[in-house]
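To keep things clear, I will list the structure first and then write my remarks on it.
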Amino acid sequence: MIRILTTLVVATLFAATLEPAGAQDVLYYKFDAGGGRKVVNYYGHSGIAPLEARLVSQNGYANSTLWATGNPGSALKGSETVGRDVTLVSDCYPQHAGSFTIAFAFKNRRVMTRPSRPELVTAGGGSNLNRFICFINSQANNNLGFEGWASVSSPATLQTTPDVLTPHYSRWVHVAAVFDNATRSVRYYVDGQLADTLSMGNYTARLQAGENPLRIGFGARDGSVDIDEFRLLYRAATASEVQAWAQPSHFAADGRYGTACYPRGRSVLLESNRAQAGLPTPGNGRYALKLYGPVGSTFQLALGTSRTRLFSLPLPLDLAFVHPALSGCVWEADADIALLPGAIGATGEVTVPLPIPNVAALAGFRLYSQALLTNTAINTMMTSNGFSVIVGR
């Protein structure tokens, strides 16, 4: 698999433009890295939310395992015991007056030993009326409940009907809630199928801002619930979208992570040509990476299978030991696939073709990349941001 990709990557020059930022796709966490304490937001190119979120262990369990077997790939792991929580924290403060969609898959690895109300997603702060909460109502009907979904005067809780607690002990369950102001209703899907349509009454959907960030997997009273494929959109998703998300398969995605490092007055960016060529799906022969930087810079582009190691060295790594100009610049990509040399010409950009073979077995393959640049005209070295590519459908 790796050899196939290596032989097809060739450096060449072309002109292209960046994908325009989307207006409504906010968060997409795949949890497919399976290591480290950062998670890429694959909707980060929309510019609404940060490119990454961080994993935080609560109650002093700083070294607890953060990852579980996902649906497929890996997933955010819930705690092993009551009071031991692993939480994804996103510094995205959701404040949106309008329709929105929340979707994710979840599974519990042990039967709850006492009544509890694990909060799967929370956002904002203050009272429950303006703090969005998605929780399992295990004290009553084993269904999902939502609080803080509208204005501060809205009903405290919106209850769905289906029992999702029972099946989630034995398998992954995908749920999606579409809060649609156009129809004044909430369409609730289980495993891609419409399971409930709830009326908003005279209220409209709204996510309130607060002093607290968005948290995923914060089961304060019983946090053994694993979560995968989390999405938040500032729009009402369609039924076909939800049905596609519910399929247990690898979804193609790419996105930036980390931080570029360059002197004032310059810029460096590593992206893809997804706007022109589409996502990295098997058979997409037009897919490519795009590197933007100062004219005349030479570069080394690392392509690897990890963002937590560089061969035997743990990452992230401060590059001060390479050159004083790189002090504080962080490296976050392996080079076990290839280290490609090149130069940035008069257009200030270079295209590195990365055609994806039409091989189904490539689904789920992860590629991490980052560039180290040298510019003799300004006598300095620079680094790009990291870039993550996941092959899928």
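Would you call GLN139 of a type in the set (S, T, N, Q), assigned by TED's automatic domain parsing to the domain that holds ALA68 and at pLDDT below 90? Answer is yes for this residue.
A single entry from ALA320, ALA325, ALA338, ALA361 fulfils the requirement of being aliphatic (A, V, I, L, M), over 15 Å from PRO294 (Cα atoms), open to solvent by 10 Å² or more (accessible area, probe 1.4 Å) and free of Cβ contacts under 8 Å to residues at least 12 places away in the same chain: ALA320. Being in contact (Cβ under 8 Å) with a residue 12 or more places away in the chain, surrounded by fewer than 21 Cβ atoms within 10 Å (Cβ to Cβ) and outside the structural domain of ALA33 (by TED's automatic domain parsing) is the requirement here; does THR204 meet it? The answer is no for THR204.
Matching residues to (1) open to solvent by less than 20 Å² (accessible area, probe 1.4 Å); (2) modelled with pLDDT of 60 or more; (3) assigned to a loop (DSSP other than H, G, I, E, B):
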position: LEU5; (1), (2), (3): yes, no, no
position: LEU27; (1), (2), (3): yes, yes, no
position: ARG54; (1), (2), (3): no, yes, no
position: SER64; (1), (2), (3): yes, no, yes
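Considering every residue within segment 270-279, establish whether at least one is part of a loop (DSSP other than H, G, I, E, B) and either assigned by TED's automatic domain parsing to the domain that holds GLY34 or under 30 Å from ARG187 (Cα atoms) (or both). Yes, the conditions are met somewhere in segment 270-279. Among all positions in segment 284-307, there is at least one residue which is surrounded by 22 or more Cβ atoms within 10 Å (Cβ to Cβ), at pLDDT below 95 and assigned to a loop (DSSP other than H, G, I, E, B). Each residue in segment 254-278 was checked for being in contact with a Phe, Trp or Tyr (Cβ under 8 Å, 6 or more places away or on another chain) and among the aliphatic types (A, V, I, L, M), and 4 of them qualify. When GLN243 is tested against (1) open to solvent by less than 40 Å² (accessible area, probe 1.4 Å); (2) in contact with a Gly (Cβ under 7 Å, 6 or more places away or on another chain); (3) modelled with pLDDT of 80 or more, exactly one condition is not met: (1).
Among the residues of segment 84-115, those that are of a type in the set (Lys, Arg) and either closer than 20 Å to TYR43 by Cα or modelled with pLDDT under 85 (or both) comprise ARG84, ARG109, ARG110, ARG114.
Here the condition is being at pLDDT 90 or above, in contact with a Pro (Cβ under 7 Å, 6 or more places away or on another chain) and more than 16 Å from GLN95 (Cβ to Cβ); of ALA177, ALA195, it holds for ALA195 alone.
The values are calculated or read from the model by the stated rules, or taken from the named source; none is laboratory data. Remember, predicted model here, so these are calculated numbers, not experimental data. Here the Cβ is made from the backbone with ideal geometry for all residues, glycine too, and neighbour counts use every protein chain on show. Ligands, DNA and RNA are stripped out before the accessible areas are found, and what is left, the full protein with its side chains, is counted by its heavy atoms. Shrake-Rupley method; radii C 1.70, N 1.55, O 1.52, S 1.80 Å.
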